[in-house]
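Peer 1: Have a look at this one.
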Amino acid sequence: MSDISQFLIPKGFRFGATKAGLKQSGRTDFAVIVADAPASAAAVFTANRVTAAPLQVDKEHLHATGGRMRVAAINAGNANCAAGKAGLDAARATCTAAADVFGCKPEEVFPSSTGIIGVPLHAQKLIAALPGLAASIGSESDHFQQVAQAILTTDTVEKTAFARLEIDGKEVRIAALGKGAGMIHPQLVPHATMLVYIVTDAAIEPKILDHYLRQAIEVSFNRISVDGDTSTNDTVLLLASGASGAHVRDGNAEFATALTHVCTSLARQIVADGEGITHVVELHIAGATTDADALRVAKAIAHSPLVKTAWAGCDPNWGRLVAAIGYSGAAIDPERIDIWFGELRICRDGGRALEFDEAAAHAYLQQSEFSIAIQLNQGIGSCVFWTTDLTHDYIRINADYST
């Protein structure tokens with residue numbers, strides 16, 4: 001599921017992963033991203049008020065360093081959430097140990113965790129694995145892929161995305177990796193878990209980097225949902241090493257476009273790997289009074305079990321869409337709603353379209369990916385949103401997750 005090439009690894013970073021013994025499967029479960037020098041950092045986190053310990057530490061560290069990081073330390077197999085003081089102690093102990101190994105301040109370490117909530121994290125397993133992990137890190141694409149593989153939980157594939165552009169005659173690279181398959185409805189602020197790590201070798205000041213990140217996530221990670229659940233651990237981290245020598249200032253449209261491209265690619269990969277899904281659905285909402293209203297409609301549809309199960313059965317039951325639009329909270333006129341499945345007109349002026357062909361609509365919904373367009377005819381607000389169906393396999397995966 002990689003995008004563009006696996007060889008566009010930004011300069012100034014090293015990567016690696018190892019087995020710390022947190023995953024019952026015995027697979028790699030502890031990874032690091034190491035900047036050769038303090039890198040500019042920007043991050044956004046979950047809107048869930050129950051927040052995992054590493055996220056609390058991350059916010060403290062970003063504030064303490066003024067947005068400079070050397071090491072991202074990521075474990076899978078344990079979310080380190082709802083563990084009280086012990087969870088914070090475990091996150092901080094891991095940061096202290098990583099700082100000793102990589103020669104930086106503890107505040108320059110950015111911890112992340114994903115896995116089961118409410119189980120104590122055995123930080124000593126991570127600490128014991130650090131020296132061997134430090135000896136094995138590297139800057140090649142294989143090392144990058146090791147991190148992408150190690151952070152997975154219920155994911156079935158690793159997720160990476162890449163971009164390359166030229167700024168002032170110098171090549172700038174962007175690379176991203178992430179995980180997420182269930183508990184996906186990020187609601188990143190301001191404005192299982194989704195973790196995303198993006199690195200670039202552009203030189204960008206932390207405040208400007210933060211601005212670029214928030215622009216990009218608003219039309220990518222904040223536009224996806226698998227099941228409507230917002231994790232306690234959702235995190236997107238963007239690091240800029242400056243190793244390319246290309247300085248990016250505020251308002252650089254090319255960099256903004258490339259970063260958004262990478263984020264959107266990764267967001268769509270996360271949706272496509274949703275737990276137990278059989279269909280990926282792209283929603284196009286137009287004609288809303290505002291963009292915010294368009295998003296309300298998209299989320300109401302994407303989070304409706306009735307709609308999602310209809311998609312699972314390839315059932316062209318468009319009445320469920322209309323019902324979701326009606327309770328979305330958006331300003332609508334029921335008699336002005338138009339709906340298409342791909343190019344097939346389904347609903348006109350709030351009622352069944354005369355040309356509606358149920359057999360053709362059923363056949364269209366049998367595709368693994370399809371689009372639904374909704375025109376509200378109220379204004380110029382719009383959005384694009386990616387979501388999935390809801391299947392028996394989703395229930396099976398999540399019923400058995402902790403056992």
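Every read-out reported here was derived from the displayed coordinates using simple, explicitly stated rules and does not represent laboratory data. Since we're looking at a predicted model, the values are computed, not measured. Cβ: placed from backbone, ideal geometry, glycine included. Neighbour counts: every protein chain shown.
Peer 1: Bin width 5 Å, origin at 0, all Cα-Cα pairs of region 326-375: what percent of pairs per bin?
Peer 2: 5, 20, 26, 22, 15, 10, 2
Peer 1: ³J(HN,Hα) across region 281-293 via Karplus (A = 6.51, B = -1.76, C = 1.60, θ = phi - 60°), whole Hz, x for Gly/Pro?
Peer 2: Values per residue, Gly and Pro as x: 10, 9, 9, 10, 9, 9, x, 7, 5, 9, 4, 4, 5 Hz.
Peer 1: For the chain, take N as its residue count and report Rg(C-alpha) divided by 2.2 N^0.38 Å.
Peer 2: 1.01
Peer 1: Grab the DSSP H runs of the chain that are 4 residues or longer, score each as -39,500 (n - 2.57), total them, divide by all residues and round the 222 nm result to the nearest 500 deg cm²/dmol.
Peer 2: Per the formula, -10500 deg cm²/dmol.
Peer 1: Projected area of region 76-209, taken from the Cα convex hull and averaged over every viewing direction, in nm²?
Peer 2: Mean projected area for region 76-209: 10.0 nm², to one decimal.
Peer 1: So, in Å, what gap is there between the alpha-carbon centers of region 288-333 and region 363-403?
Peer 2: 10 Å
Peer 1: A further question follows. Return the lysines within reach of Lys207: Cα separation strictly under 24 angstrom, same-chain partners fewer than 8 residues apart disregarded; answer none if there are no such residues.
Peer 2: Reachable lysines: Lys11, Lys59, Lys105, Lys170.
Peer 1: Find how much the distance from Asp357 to Leu306 grows on full extension, using 0.36 nm per residue of separation minus their present alpha carbon separation; answer in nm with one decimal.
Peer 2: That works out to 16.2 nm of additional length.
Peer 1: Ok, one more. Work out the charge dipole of region 13-272 with +1 on the Cβ of Lys and Arg and -1 on the Cβ of Asp and Glu about the Cα centre, then indicate which of Asn252, Phe110, Pro54 is farthest towards its positive end.
Peer 2: The Cα lying farthest towards the positive end belongs to Pro54.
Peer 1: Here's a follow-up. With no solvent and one equal point scatterer placed on each C-alpha of region 280-399, evaluate the Debye formula and give log10 I(q)/I(0) for q = 0.12, 0.15 Å⁻¹, two decimals.
Peer 2: These q points yield log10 I(q)/I(0) values of -0.39, -0.61.
Peer 1: Going by average Cβ density within 10 Å per residue, which order do the peptides 329-338, 99-108 take, highest to lowest?
Peer 2: 99-108, 329-338
Peer 1: Below 12 Å, Cα to Cα, which aspartates and glutamates can Lys19 reach? Residues fewer than 8 away in the same chain don't count.
Peer 2: Asp29
Peer 1: Treating only the Cβ of Lys, Arg, Asp and Glu as charged (+1, +1, -1, -1), what charge dipole size does the chain show about its Cα centre? Round to the nearest 20 debye.
Peer 2: Approximately 1000 debye in magnitude.
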